[in-house]
Amino acid sequence: MDIITPGIYRLKLPLRDFVTSHVNVYLVKGNECLIVDTGWDNQESLEYLRRQLEEVGLVPEDIKHVVVTHGHTDHMSMAHRIQSQFHARLYMHKRDIEVVNSRSASGQDFVQQTDELLRRNGVPDSEFHGPYPALPEIAFVNADVMLEGGETIALGNFNLKVLWTPGHSPGHICLYEPAHKLLLAGDLVMPTIAPNIGLHLQYSSNPLGDYLSSLDMVKKLDVELVLPAHEHPFRNLRERADEIFQRHRRRDNEIISIMSDGKPRNAYQLAVTMTWLPDTASEGWKNLDPWNKRLAVLETLAHLEFLRSGDKLDKSVSNGAVIYRAC
Ligand SMILES: [Zn+2]
Ligand SMILES: [Zn+2]
């Protein structure tokens, strides 16, 4: 457990067999205790939480509020347990509640519908074979407070402003504490890794456009320290945001340059020719595992739709197959 400032602490919960080693859980101790994000819902996570709370003289029952920055399993899984077992109030943005609950309701259909989306965008069946990481089952969310953005959660010394920052997920939020110039950033911005921005089912039609607007919005805030959900806290928000803008611009330019020959292409044809380094520590498409191949195509689609929204590309659909070409 690290002290960020008196009253705000970073707890680390392990994420075994996941793309990142841990999730940062931030404890805000004002006139009541609040935590931001949770890890896997298992005994090990709960023990880690309990032990780190003990260091500041707390027990899980002292947590009165749980804010989930977005509906991904590494952030959301244990929130339910804390809500039901320790009677904390659960806060989450309404768009991610809708997405999570509709995916839970559709179960396996969601995977099949994503396969269908990938097929329409040119991915051959041979690319669909696993192994995929075993993710915890998605549960229904029953939030006590449905956030929209713009609310303030007042905890005495700390006033947490809810910022709606869609893109990585449609209902992603950050919390901004203006008096202490802190940004609790979820997966929006991290010191070295960049979040996946993909055209997932039930997301907006232009998630990359949403993400870049969200990043631009937080970049303008007066922030001294960013508290991300993975990796470690960092200070240089504006520089880091600019690096991420550049990274996306490079990818846009790569697509524009491939498409400049005027030939029509689908997202899969683009994804296999694009450079995935350094994003995945891989040299190219053939070295990606099946799960990352799916993410890479969905990320390519997010770029294609972003470029289309800026009138750089056209899209056509014939017999269900989606094709892009330069304008
Ligand atoms: Zn996430
Ligand atoms: Zn995450």
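Against the chain, whose longest principal axis is taken from its Cα atoms, helix 43-54 shows a tilt of about 50°. Counting only protein heavy atoms and a 1.4 Å probe, the chain has 44 square angstrom of accessible area per residue.
Can you tell me, using C-alpha contacts under 8 Å and at least 6 residues apart, the relative contact order of the chain as a whole percent? Could you put the intermediate results ahead of the total?
On the way: 611 pairs, mean separation 45.8, N = 327.
Reported as a whole number, the value is 14 percent.
Taking the DSSP bridge list for the chain and keeping only pairs wholly inside it, about 70 percent are antiparallel.
Once the Cα atoms are used to define both axes, helix 108-120 deviates from the longest principal axis of the chain by about 30 degrees. Full extension of the chain segment joining Asp289 with Asn159 gains 42.5 nm, where the gain is 0.36 nm per residue of separation less the Cα-Cα distance. To the nearest ten degrees, helix 290-309 and the longest principal axis of the Cα atoms of the chain are 80 degrees apart.
Please list Phe128, Phe306 from largest to smallest accessible area, probe radius 1.4 Å, with all protein chains kept in place.
Values: Phe128 25, Phe306 60 Å².
Ranked list, largest accessible area first: Phe306, Phe128.
Less than 5 angstrom separates the built amide H of Glu231 from those of His22, all sequence-distant by 5 or more or on a different chain. Each label point was placed 7 Å from the Cα along the Cα-to-Cβ direction; for Val317 and Glu243 their separation is 3.9 nm.
In the chain, the calculated helix contribution to ellipticity at 222 nm averages -11000 deg cm²/dmol per residue, counting -39,500 (n - 2.57) for every DSSP H run with n ≥ 4. List the aspartates and glutamates whose alpha-carbon lies under 14 Å from that of Lys286, not counting same-chain residues fewer than 8 positions away? Filter leaves Glu127.
Note on Ile256 and Arg10: their simple-model spin labels are 3.6 nm apart, each label 7 Å out from Cα toward Cβ.
Given the pairs Lys94/Lys161; Lys161/Lys219; Lys29/Lys64; Lys263/Lys293; Lys12/Lys94; Lys12/Lys293, which are separated by over 19 angstrom at their Cα positions?
Numbers: Lys94/Lys161 16 Å; Lys161/Lys219 15 Å; Lys29/Lys64 10 Å; Lys263/Lys293 23 Å; Lys12/Lys94 26 Å; Lys12/Lys293 29 Å.
From the list (Lys94/Lys161; Lys161/Lys219; Lys29/Lys64; Lys263/Lys293; Lys12/Lys94; Lys12/Lys293), the Cα-Cα distance tops 19 Å for Lys263/Lys293; Lys12/Lys94; Lys12/Lys293.
The values are calculated or read from the model by the stated rules, or taken from the named source; none is laboratory data. Because the structure is predicted, anything quoted here is derived from the model rather than measured. We place every Cβ from the backbone using ideal geometry, glycine too, and count neighbours over all the protein chains shown. Keep in mind that these areas ignore ligands, DNA and RNA; they rest on the heavy atoms of the full protein, side chains included. Shrake-Rupley method; radii C 1.70, N 1.55, O 1.52, S 1.80 Å.
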